[in-house]
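The values are calculated or read from the model by the stated rules, or taken from the named source; none is laboratory data. On a predicted model such as this, the values are computed, not experimentally measured, just so you know. Neighbour counts are summed over all protein chains in view; Cβ atoms, including those assigned to glycine, are modelled from backbone coordinates with ideal geometry.
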Amino acid sequence: MNTIGNRLQLILATIQSIKTNQQSPQRVQVLAVSKTQPASVIREAFKVGIHLFGENYLQEALEKQSQLTDLAIEWHFIGPIQSNKTQAIAQNFSWVHSLDRLKIAQRLNDARPKDLDPINICIQLNVDSEESKGGVSIHEVESLAAAISTMPHLKLRGLMAIPEPSTNVDKQRMQFKKVRGCYDNLLAKGYALDTLSIGMSEDYPIAIEQGATIVRIGSALFGARQPKPSAG
Ligand SMILES: *Cc1c(COP(=O)(O)O)cnc(C)c1O
């Protein structure tokens with residue numbers, strides 16, 4: 001049977017077996033990427049034990065959040081961020097994984113309601129250096145980290161990356177090693193980071209091997225997605 005519960009068990013078993021093989025197994029959390037999935041499916045996933053959900057499109061996320069207020073879900077924003085969306089993101093999400101611009105950081109910091117905890121932030125790193133994709137380059141990451149660290153309503157937790165999809169395990173490993181190297185460099189410079197958000201359905205085992213603490217899993221949990229709705 002291919003229920004969410006069955007798929008989750010398989011994912012958790014895979015995570016456990018990789019951790020068992022490692023010298024110092026880190027804590028690994030599963031972030032369920034629920035873009036395009038209706039609120040009813042999120043509810044089902046919550047029931048089998050998933051409490052972290054990631055959304056890419058603000059409007060879609062807000063609609064589902066309004067139907068799920070009875071569940072103690074931790075909401076993570078993982079999609080590209082336009083300036084005019086920062087206020088709603090700051091009000092409705094605990095985490096942002098896709099921060100890659102100073103201006104967006106400032107706007108999130110300004111808009112975070114003062115009665116809420118700071119927003120947990122991962123800087124999105126672009127390891128492929130493709131012009132078209134989101135994320136800061138390895139050379140820019142430290143100055144953005146320094147700026148975020150001065151903002152009282154943001155809490156810098158770590159790095160996120162979406163390497164170019166590849167079925168080649170060596171290529172996957174190489175990309176994740178770059179992210180890990182950048183993360184270790186920031187740690188060495190004194191940044192108190194604890195989150196490496198790398199790994200998706202196709203490559204999460206290698207990401208965990210390279211130190212992932214959050215894996216962002218969509219299709220391996222929910223099945224193949226329908227085409228995405230218009231961005232919101
Ligand atoms: C869609 C998405 C995922 C999940 O992708 P799957 O391959 O379905 O696991 C993870 N991270 C981000 C940023 C995404 O947009």
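Filter the range 65-90 for residues that are touching a residue at least 24 places away in the same chain (Cβ under 8 Å) and more than 16 Å from the chain's Cα centre (by Cα) and give the result.
Answer for the range 65-90, where residues must be touching a residue at least 24 places away in the same chain (Cβ under 8 Å) and more than 16 Å from the chain's Cα centre (by Cα): Gln65, Gln67, Leu68, Leu71, Ser83, Lys85, Thr86, Gln87, Ala88.
Check whether at least one residue in the range 137-145 is within 27 Å of Glu74 (Cβ to Cβ) and either under 16 Å from the mean Cα position of the chain (by Cα) or within 13 Å of the ligand (Cβ to nearest atom) (or both), and report yes or no.
No, the range 137-145 contains no residue that is within 27 Å of Glu74 (Cβ to Cβ) and either under 16 Å from the mean Cα position of the chain (by Cα) or within 13 Å of the ligand (Cβ to nearest atom) (or both).
For the structure I just gave you, tell me whether Gly158 is surrounded by fewer than 19 Cβ atoms within 10 Å (Cβ to Cβ) and free of Cβ contacts under 8 Å to residues at least 60 places away in the same chain.
Answer is no for this residue.
Looking at the structure I just gave you, is Thr14 surrounded by 15 or more Cβ atoms within 10 Å (Cβ to Cβ), hydroxyl-bearing (Ser, Thr, Tyr), under 23 Å from Ile208 (Cβ atoms) and within 15 Å of the ligand (Cβ to nearest atom)?
Taking the combined requirement at face value, the residue satisfies it.
Based on this model, can you work out whether Ile81 counts as under 21 Å from Ile162 (Cα atoms) and at pLDDT 95 or above?
yes
Just a yes or no: is a residue in the range 163-184 more than 14 Å from the ligand (Cβ to nearest atom), of a type in the set (Asp, Glu) and in a loop (DSSP other than H, G, I, E, B)?
No.
Scanning the range 185-220 for residues that are assigned to a loop (DSSP other than H, G, I, E, B), of a type in the set (S, T, N, Q) and more than 11 Å from the ligand (Cβ to nearest atom), which turns out surrounded by the fewest Cβ atoms within 10 Å (Cβ to Cβ)? Break it down into steps so the answer makes sense when it comes.
Start the filter on the range 185-220 by keeping residues that are assigned to a loop (DSSP other than H, G, I, E, B), which leaves 189-194, 198-203, 210-213, 218.
Now restrict to residues that are of a type in the set (S, T, N, Q): 201, 210, 213.
With the extra rule that they be more than 11 Å from the ligand (Cβ to nearest atom), the set shrinks to 210, 213.
Numbers: Gln210: 22, Thr213: 20.
Looking at the filtered set, the residue picked out is Thr213.
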